[in-house]
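Colleague: There's a structure below that I have some questions on.
The values are calculated or read from the model by the stated rules, or taken from the named source; none is laboratory data. All of these numbers come straight from a predicted model, not from anything done at the bench. Counting neighbours? That spans all protein chains shown, and the Cβs are built from the backbone with ideal geometry, glycine included. These area figures cover heavy atoms from the full protein model, side chains too; ligands, DNA and RNA do not enter into them. Shrake-Rupley method; radii C 1.70, N 1.55, O 1.52, S 1.80 Å.
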Amino acid sequence: MRKLSFLTAIALTGALALLSSTMAKTPALPLFARSLGASPQLIGWAVMASTVPGILISLPAGLLRDRLGARPLLVAALFVFATAPFLYLLVQTIGELAIVRFYHGFATAIFGTVVGAEIAARYPQNRGHALGVYSSVSTVGRSIAPFLGGVLISEANFPGVFLGCAVAGVLALSFGLRASAFHAPTTARERPASGTSPTLAVLRDRVVMVTSLVEALQYLVFGSVEAFLAVYAAHHHLPPWTIGLLLGIQLGIVVLFKPRLGALSDRFGRRPVILVGLLIGTLAVAALPFTARVWALLLINALFGFGFAATTAATGALVADRARSGGFGANMGVLRSIMDIGQATGPVMTGALIGAGGYRLAFLTLAALLVIGACAFALSGYGRAAAAKP
């Protein structure tokens, strides 16, 4: 372990943590809630319960990281990752499930914010590449989770999948304790300059706020496509293996290209990478409801995955670029809080649009949201990553 770099160690920790948390959600959560007798409406609330902490705690977690350093917050988040799976074994009602999901949500909210800020602080020269590497490796854990979770449910029912989550959570805690012990460079331990409140400074930065809005819209669309593409494909009588391939190629493109696109943003600036990503994502989502051919859907999903990877590879790095001395946590906290709002509302909004006007209305609306994000970002006044900080 001592031979691993901080980036490698924290990326492996993130992969295990996301493997644990995603396996508790997909496909276990809706199936477990249904087994408790919950209605579809109550299942929706149980799913949303874990996103609320992200909205509430991401900014405070970032501010605490700037004040106290990363280690205590990482330990707290990893403790939740390691203990929450055991609580699922005690659940007997949908209300208890929602409470456990709410508790579990604090882990990802704190961990994602603090890790993003710490990587941004430690890798100032290749920030986009480093954030992309972390995101790609952690996405591998997220990608494996549904398949492993499905196998565990089939072979050992719900106790089996929750014990599997516990094993991954405990391993994440073990790796994370060692990763957080890596000595941080001086730049990562700087404190925010006195004077203006760090929160106010971030909220007054138009570029940070617009970039956070772009990230929120991108995750809103991503979460909606992830939730309803399978339903759309099933509606057109595509076999389950094809649906799995459609979702798999999207994540595979993200894992493969995100570090490379982050490195491109380090070299050529964040702006062109973000705008190209939004353009490709817009075209892909707009094309979805006009075909049900497998080869066309595969191409569209690959393009959407590429656009998503390009946008999100550069947005986090750009927000970190704008941080005042030592204020990476505050900036990343605002980014993740706004992102979680988009991620939480996307599937609910899209489901309502599908009910009101069908898939064409829903997917074209999602494409229009990406266009709005692109226009807002283009008018935000930001040039290259090397632009002067606020």
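Colleague: If R34, R271, R322, R65 are ordered by their accessible area, calculated over protein heavy atoms with a 1.4 Å probe, which sequence runs from highest to lowest?
Modeller: The most accessible residue leads, giving R34, R271, R322, R65.
Colleague: Next up: Of all the accessible heavy-atom surface of segment 197-317, with the other protein chains kept in place and a 1.4 Å probe, what percent is carbon and sulfur?
Modeller: Details: 3510 of 4730 Å².
The computed percentage sits at 74.
Colleague: How big is the gap, in Å, between the Cα center of segment 65-93 and the Cα center of segment 263-309?
Modeller: Going from one Cα centre to the other spans 34 Å.
Colleague: Could you give the DSSP H helices of the chain that reach 20 angstrom or more along their long axis (alpha carbon positions) and whose average Kyte-Doolittle hydropathy is no lower than 0.0?
Modeller: Going by DSSP H runs, the hits are 6-23, 52-68, 71-88, 94-122, 127-179, 206-235, 240-268, 270-287, 294-321, 328-378.
Colleague: To two decimal places, what compactness ratio does segment 35-181 give when its Cα radius of gyration is scaled by 2.2 N^0.38 Å?
Modeller: In units of the 2.2 N^0.38 Å rule of thumb, it is 1.12.
Colleague: Another question about this same structure. Would you look at the GNM of the chain, springs on alpha carbons closer than 10 Å, and say which of A15, A292, A28 moves the most?
Modeller: Maximum among the listed residues: A292.
Colleague: Can you give me the % of accessible surface on segment 1-137 that is carbon or sulfur? Probe 1.4 Å, all protein chains present, nothing else counted.
Modeller: 70
Colleague: Mean 1/r over all different Cα pairs, inverted: what Kirkwood radius does the chain give, in Å? Present the calculation step by step, with values, prior to reporting the outcome.
Modeller: On the way: mean 1/r = 0.0476 Å⁻¹.
It is 21.0 Å.
Colleague: Would you mind working out the magnitude of the charge dipole of segment 53-160 relative to its Cα centre, with +1 at each Lys and Arg C-beta and -1 at each Asp and Glu C-beta, to the nearest 20 Debye?
Modeller: The dipole magnitude comes to about 360 debye.
Colleague: Additional query: At what distance in nm do the modelled label points of L279 and A292 sit from each other, each positioned 7 Å from its Cα along Cα→Cβ?
Modeller: Here the modelled spin labels are 3.3 nm apart.
Colleague: Can you tell me, using C-alpha contacts under 8 Å and at least 6 residues apart, the relative contact order of the chain as a whole percent?
Modeller: 27
Colleague: State the extension gain, in nm to one decimal, for the chain segment bounded by S5 and F147, taking 0.36 nm per residue of separation less the distance between their alpha-carbons.
Modeller: Values: separation 142, 0.36 × 142 = 51.12 nm, distance 2.94 nm.
Answer, rounded to one decimal: 48.2 nm.
Colleague: Continuing with the same structure: For the charge dipole of segment 21-143, defined by +1 on Lys and Arg C-beta atoms and -1 on Asp and Glu C-beta atoms about the Cα centroid, which residue among H129, V52, S39 has the Cα displaced farthest towards the positive pole?
Modeller: H129
Colleague: Here is a follow-up. Would you work out which of A378, T22, L173 lies farthest towards the positive end of the dipole of the chain? Charges go on Cβ: Lys and Arg +1, Asp and Glu -1.
Modeller: A378
Colleague: Using a 10 angstrom cutoff on alpha carbons, build the Gaussian network for the chain and name the most mobile of F32, F257, F147.
Modeller: F147
Colleague: What does the extension gain come out to for A376 and A156, with contour length at 0.36 nm per residue minus their alpha carbon separation?
Modeller: Stretched fully, the A376-A156 segment lengthens by 74.3 nm.
Colleague: Based on the mean of other beta carbon atoms within 10 Å per residue, what is the order of 85-93, 49-57, most packed first?
Modeller: The peptides rank, most packed first, as 49-57, 85-93.
Colleague: Once Lys and Arg get +1 and Asp and Glu get -1 on their Cβ, which of A107, L275, A227 lies farthest toward the positive end of the dipole of the chain?
Modeller: L275
Colleague: Using 7 Å Cα-to-Cβ label points, what is the A302/T345 separation (nm, one decimal)?
Modeller: Taking the simple label geometry, A302 and T345 are separated by 3.5 nm.
Colleague: Just the accessible area per residue of the chain, please: how many Å² with a 1.4 Å probe?
Modeller: Ligands and nucleic acids excluded, the result is 42 Å² per residue.
Colleague: Turning to a different aspect of this structure: What value, in deg cm²/dmol to 500, does the helix sum -39500 (n - 2.57) over DSSP H runs of n ≥ 4 give at 222 nm once divided by the residues of the chain?
Modeller: Details: 14 runs with 319 residues, N = 390.
Taking each H run of at least 4 residues, the total per residue is -28500 deg cm²/dmol.
Colleague: Turning to a different aspect of this structure: Can you give the charge dipole size of segment 269-379 about its Cα centre, rounded to the nearest 20 debye, using +1 on the beta carbon of Lys and Arg and -1 on the beta carbon of Asp and Glu? Walk me through the intermediate numbers first.
Modeller: On the way: 7 positive and 2 negative charges, 28 e Å.
For segment 269-379, the charge dipole is close to 140 debye.
Colleague: Based on the alpha carbon coordinates of segment 263-384, what radius of gyration and maximum Cα-Cα distance (Dmax) apply, in Å?
Modeller: Values for segment 263-384 (Cα only, Rg and Dmax): 16.0, 51 Å.
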